[in-house]
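Working notes, structure below.
The values are calculated or read from the model by the stated rules, or taken from the named source; none is laboratory data. This structure is a prediction, so every number in the text was calculated from the model and none was measured. Using ideal geometry, Cβ is built from the backbone for each residue, glycine included, and neighbour counts are taken over all protein chains shown.
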Amino acid sequence: MLDFFNMKKFDFNTIPEKPGVYIFLDKNSTPLYIGKAKNLRNRVKSYFTNNLNLKTEIMVQKAFDIKYIITKNEVEALLLEANLIKKEKPKYNILLKDSKSYPYLEITAHEYPKIKISRKISSDSTYLGPFVNVSDLREILRELLKLFPIRTCSEQTFKKGKSCINYQIKRCTAPCEGLISKEEYMSLVDNIISVFKGKTKNLLEYFEEKMILHSKKLEFEKAAEYRDKINGLKKLSLNQHIVYKTDANIDILYFKTIYEQYSGLLIIFIRNGKIIGVDREIFNSQIYQDDIPGFIIQFYTKNKILPEKISIIINNNYFTDRLLEDTLKEFKKNIKLTKSIKKDILDFADKNLQIFFETELSKKIKSKDLFEHLAKKCHLPNDINTIECIDISHLYGKNTVGVSIFFENGSFNKNRYRRYKIKSANNDDFLAIHEIFRRKALNIMKNKEEQADLYIIDGGKGQLQSAIRAFKEQNIQANFISIAKGRSKDEPNNNLSKEEVYIPGRKNPINFKKDDPVLLLIQKLRDEAHRFAIEYQRKLALKDLTSSPLLQIKGVGEKTIKKVLKEFPDIYTNSNITSEELSKKCKISKKVAEDIVNFLRTFQGNSS
């Protein structure tokens with residue numbers, strides 16, 4: 001058995017330097033994590049370094065054994081990894097929901113094809129989709145049959161050679177009785193496919209000509225039929241959001257980390273240049289680059305119809321991987337991973353994923369007893385109804401600003417948001433917090449500001465004490481807590497958040513489970529305060545471009561700085577921005593982007 005704490009005794013030379021799949025097992029031989037490797041020995045050894053993310057560190061500390069399976073090549077390893085993950089459902093792998101397969105409209109390969117909704121894929125049929133919502137798909141099918149009445153019956157019913165009720169209600173043309181020629185029938189089928197390809201112009205013109213013709217002949221009933229067909233076709237066309245002028249077929253998988261313990265996925269299905277479906281999923285852990293290939297193979301093992309192009313974005317960066325692309329070619333030969341998605345589509349993905357997460361989060365936050373739980377866990381009075389959250393931000397590492405945001409009745413009250421230019425100190429959070437609360441206290445005493453039931457400070461014990469002291473100096477009693485990142489623990493608990501909450505009069509912080517609704521509420525307020533502070537910081541920076549430290553960089557002027565600040569308002573404090581991301585989003589040269597990133601690394605180091 002493998003003991004994490006005695007790794008020196010483990011002989012890594014027993015693991016072959018070959019491609020394959022490795023499995024970390026717990027003390028009950030239950031798989032904890034399944035991964036693939038080009039070189040099994042080197043990959044397994046890499047887990048026993050000091051450069052692990054928290055999730056991986058926890059997993060390794062729970063491991064009691066490692067098994068491996070040798071494969072012929074990397075492609076086989078990736079396929080095997082996906083199948084094993086699907087079968088074993090390891091705790092530390094990112095997993096698809098079991099039901100995550102999508103419905104299609106299937107047109108069978110029969111002499112007189114039938115149309116039906118299907119999740120199973122047959123090599124002979126033609127498939128239109130995928131669709132996310134089966135109820136919407138049923139409605140689409142109903143509208144299609146009004147326009148192009150083809151059969152939906154089973155083969156057994158068709159062989160009886162007798163028309164059914166669908167013929168009587170004009171939802172079928174009864175090919176079973178030979179009441180329509182094969183040529184006319186196949187024209188109806190082709191028209192359905194044309195609708196999905198967005199090629200409706202000729203159909204609309206044809207229907208309009210027919211409507212006018214029958215009107216002139218005073219055949220008003222027939223004219224009304226074509227009028228209804230025109231309206232139905234327009235209705236179907238309105239449901240398709242055109243994003244590409246070409247017949248582009250692309251799946252966009254947009255991953256994003258949300259808070260420390262969640263990640264989200266938004267999938268956009270584009271067929272023939274139109275968005276035909278959007279789906280979302282939230283995972284109860286962060287997602288890392290290593291998780292992506294196995295997840296993608298899981299996804300397309302379940303949904304076997306691939307487009308020509310797939311685009312994968314993780315935390316605003318395109319993900320490309322030769323092995324993944326080669327493996328996907330096992331499903332479709334001409335598949336490509338693309339990095340050229342229009343910015344407005346990416347913005348759409350980011351906004352929709354955030355809204356979806358906020359909606360899911362609000363279900364927990366708006367529970368009627370949440371504030372009671374907050375009061376109980378943080379030793380507060382039971383009558384907490386209004387909350388303010390305060391954040392400090394440094395511009396260029398010196399020009400300190402602060403903000404406060406206001407939360408009441410389950411939502412943010414932006415009329416009570418406040419901004420502060422800090423006068424007392426540069427780059428000293430304790431003095432900055434003290435100044436904000438001193439100014440708040442004076443406003444409360446003058447009845448210029450209403451006191452909140454609770455104040456949340458983004459910071460640790462020092463910031464908390466500074467706020468309390470400022471109010472005490474003005475003889476004002478109030479409720480305070482603060483939230484800060486905790487120090488790494490020797491034996492991190494996977495269920496506990498790294499963030500800790502401090503309360504007055506208690507030496508040690510309060511720890512919360514990652515999915516605790518109280519913690520989620522506090523994080524939500526803290527993140528909104530941070531967003532508001534960054535927005536204020538950018539506004540000030542754009543007003544005073546002449547003092548930007550970026551002007552020290554050769555080839556960087558005010559115009560470039562303006563572009564950078566609009567895309568990255570937190571450029572001076574965000575150490576995760578890459579030169580590739582900077583170059584693409586700000587439309588500046590790679591050389592200038594690299595110079596900016598290198599300068600910022602030094603600048604941030606000197607400012608800390």
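Remarks
- Residue list for the stretch 63-75, filter: over 12 Å from residue 22 (Cβ atoms) and crowded, with 18+ Cβ neighbours inside 10 Å: 74, 75
- Helices (runs of 4 or more DSSP H) fully within the stretch 370-479 counting 2 or more residues that are farther than 24 Å from residue 499 by Cα: 429-445, 461-472
- Residues that are surrounded by fewer than 17 Cβ atoms within 10 Å (Cβ to Cβ), within 30 Å of residue 58 (Cα to Cα) and touching a residue at least 12 places away in the same chain (Cβ under 8 Å) are absent from the stretch 135-144.
- Here the condition is being surrounded by fewer than 19 Cβ atoms within 10 Å (Cβ to Cβ) and farther than 21 Å from residue 402 by Cα; of 461, 485, 448, 507, it holds for 507 alone.
- Subset of the stretch 293-317 (residues that are assigned to a strand (DSSP E or B) and buried (at least 18 other Cβ atoms within 10 Å of the Cβ)): 309, 310, 311, 312, 313, 314
- Residue check for residue 184: under 43 Å from the mean Cα position of the chain (by Cα), modelled with pLDDT of 80 or more and surrounded by fewer than 14 Cβ atoms within 10 Å (Cβ to Cβ): no
One line per residue, one yes/no per condition, for (1) at pLDDT 80 or above; (2) outside the structural domain of residue 467 (by TED's automatic domain parsing):
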{"position": "482", "(1), (2)": "yes, no"}
{"position": "524", "(1), (2)": "yes, no"}
{"position": "555", "(1), (2)": "no, yes"}
{"position": "559", "(1), (2)": "yes, yes"}
{"position": "579", "(1), (2)": "yes, yes"}
{"position": "584", "(1), (2)": "yes, yes"}
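- Whether a residue is within 40 Å of the chain's Cα centre (by Cα) and basic (Lys, Arg) was assessed, and residue 217 does not pass this test.
- Tally, over the stretch 190-216, of residues that are modelled with pLDDT of 80 or more and either among the basic types (Lys, Arg) or touching a Ser or Thr at 6+ places or on another chain (Cβ under 6 Å) (or both): 1
- Residue 117 being touching a residue at least 24 places away in the same chain (Cβ under 8 Å), assigned to a loop (DSSP other than H, G, I, E, B), at negative phi and not aromatic (Phe, Trp, Tyr): no
- Residue pairs whose Cβ atoms lie under 8 Å apart, sitting 6 or more positions apart in sequence or on different chains, and linking a residue in the stretch 349-367 that is of a type in the set (Phe, Trp, Tyr) to a partner that is surrounded by 13 or more Cβ atoms within 10 Å (Cβ to Cβ) and modelled with pLDDT under 80, are 357/258; 357/262.
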